[in-house]
1. Show me, for region 142-148, the HN-Hα J-couplings you get by feeding each phi into the Karplus relation (A = 6.51, B = -1.76, C = 1.60, θ = phi - 60°), rounded to Hz, glycine and proline as x.
2. How much length is gained on full extension from R17 to D128, taking 0.36 nm per residue of separation minus their Cα-Cα distance?
3. Taking 0.36 nm per residue of sequence separation and subtracting the Cα-Cα distance, how much length would be gained by fully extending the chain between F37 and L57, in nm to one decimal?
4. For the ranges 43-54, 149-160, 113-124, what's the packing order if you count other beta-carbon atoms within 10 Å of each residue, average per peptide, and put the highest first?
5. Can you grab the distance from the C-alpha centre of region 120-170 to the C-alpha centre of region 17-93, Å, no decimals?
6. Could you derive backbone 3J(HN,Hα) for region 68-79 from the dihedral phi with the Karplus parameters 6.51, -1.76 and 1.60 (θ = phi - 60°), listing whole Hz in sequence and x where the residue is Gly or Pro?
7. Skipping prolines and chain starts, which residues have an amide H placed within reach, meaning under 5 Å, of the one on V177, given they are 5 or more residues away or on another chain?
8. Using a Förster distance of 25 angstrom, determine the FRET efficiency expected from the C-beta separation of D103 and S138, and round it to 0.05.
Amino acid sequence: MPRINLLPWREAQRKERKLAFLVSLGAAGVAALVATFAFNLYYNSLIDGQEARNERLRAEIRELDKQIEQINDLEQQKQNFIARMEVIEKLQRSRPEIVHVFDELVRTLPDGAYLTGVKQTNNRLKIDGVAQSSTRVSTFMRNIDSSQWLRNPELDIVETKANQPLGANFTLFADQVSVAAEDAKVAAEGKGKKAKGKDDAKGKRARQASAEGATP
């Protein structure tokens with residue numbers, strides 16, 4: 001006899017399919033969560049690694065800043081030391097100059113005149129004295145003008161007083177020739193000539209290059 005299945009097989013099949021779909025959906029959800037968690041871990045590890053590298057770079061930059069500051073301090077100390085050495089050298093060079101100035105005053109002072117006072121402000125000398133006549137003062141100024149250690153004589157006043165039987169009082173100014181100042185001037189002129197020579201050489205090379213470029 002043929003066997004007839006009277007059970008609702010379609011309903012059972014739908015339940016099986018629904019269960020399989022739910023299982024697949026749950027598996028996909030779990031897989032998505034696992035993937036998301038793994039991606040977050042990987043991304044966070046990348047961020048942590050980059051932060052660690054940034055921190056190392058910041059630490060190295062701070063160390064370099066300290067070294068640069070130390071180098072700047074050393075450079076400043078070097079410049080201060082050089083400045084002090086230049087001052088000392090200038091003082092050593094100018095120390096015997098006052099001796100030469102007084103010796104030059106004695107040598108340039110003509111007969112019939114004598115000095116009553118000498119005052120120095122920087123390289124400027126104020127000379128007071130008494131001369132028998134204005135001719136003696138003129139001779140004194142000419143001698144100063146041709147002197148090695150004095151220059152630029154300027155007469156301020158010549159005055160004859162009734163109570164001064166020896167002659168006329170005079171006051172004149174003169175500049176002291178400083179070896180240090182002359183050396184600095186010569187050095188500056190030398191640097192200027194050297195720089196001008198370099199500029200001329202560059203200009204000559206530029207003109208030659210332009211001429212060569214224009215030649216077919």
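1. Result, rounded to whole Hz: 5, 5, 5, 5, 9, 7, 7.
2. Details: separation 111, 0.36 × 111 = 39.96 nm, distance 12.95 nm.
The span from R17 to D128 would gain 27.0 nm if fully extended.
3. Numbers: separation 20, 0.36 × 20 = 7.20 nm, distance 3.00 nm.
Here the answer is 4.2 nm.
4. On the way: 43-54: 10.0, 149-160: 14.5, 113-124: 12.3.
Taking the mean over residues of other Cβ atoms within 10 Å, the ranking is 149-160, 113-124, 43-54.
5. Their Cα centres are 77 Å away from one another.
6. 3J(HN,Hα) across region 68-79, in whole Hz: 5, 5, 5, 5, 5, 5, 5, 5, 5, 5, 5, 5.
7. Amide H to amide H, under 5 Å and 5 or more residues apart or across chains, V177 pairs with L150, R151.
8. Details: r = 22 Å, r/R0 = 0.88.
With R0 = 25 Å, the Cβ-Cβ based efficiency is 0.70.
The numbers here are math on the coordinates, done by the rules we state, and not lab data. Worth saying up front: this structure is predicted, and the values here are computed from it rather than measured. Glycine gets a Cβ as well: all are built from the backbone with ideal geometry, and neighbour counts include every protein chain shown.
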